[in-house]
Amino acid sequence: MQMQAFKSSTIEVVGYDKDSRKMRVAFKDRPVQEFCHVPEQLFSDFLKARSKTGFTSAICKTCFLAEIRYFARASSDLARNVLDD
């Protein structure tokens with residue numbers, strides 16, 4: 001899974017794998033969250049959302065949360081290296 005950084009006050013990097021339909025979100029101050037069975041359109045909507053954190057909380061946690069991974073607080077470089085599959 002290729003992780004990508006973007007401008008957000010709470011999210012460090014995010015990634016999506018089309019084959020497995022998994023979405024991974026690395027937060028700046030919370031554990032990494034992985035979501036399963038996420039439709040590609042939902043990931044696209046996430047990227048377009050005004051509040052990515054709000055979108056994650058309202059939609060993904062309710063329906064698709066599979067795992068919370070407890071890594072050390074991720075810096076951008078660390079998050080990209082550790083989280084890429």
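The values are calculated or read from the model by the stated rules, or taken from the named source; none is laboratory data. Keep in mind the model is a prediction, meaning the values are calculated, not measured. Every residue, glycine among them, receives a Cβ derived from its backbone with ideal geometry; neighbour counts consider all protein chains shown.
Summary table below
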quantity: Long-range neighbours under 7 Å by Cβ, at least six apart or interchain, first residue touching a residue at least 12 places away in the same chain (Cβ under 8 Å) within the range 18-47, second among the basic types (K, R) and crowded, with 20+ Cβ neighbours inside 10 Å; calculated: V32/R24; E34/K22; E34/R24; F35/K22; C36/K22; V38/K22
quantity: Selected residue (criterion: nearest to R50 (Cα to Cα)) from residues of the range 25-34 that are of a type outside the set (K, R) and outside any strand (DSSP E or B); calculated: D29
quantity: Members of the range 10-24 found to be in a loop (DSSP other than H, G, I, E, B) and closer than 12 Å to L47 by Cα, listed by number; calculated: none
quantity: Count - residues of the range 23-79 that are modelled with pLDDT of 75 or more, loosely packed, with under 15 Cβ neighbours inside 10 Å and among the acidic types (D, E); calculated: 3
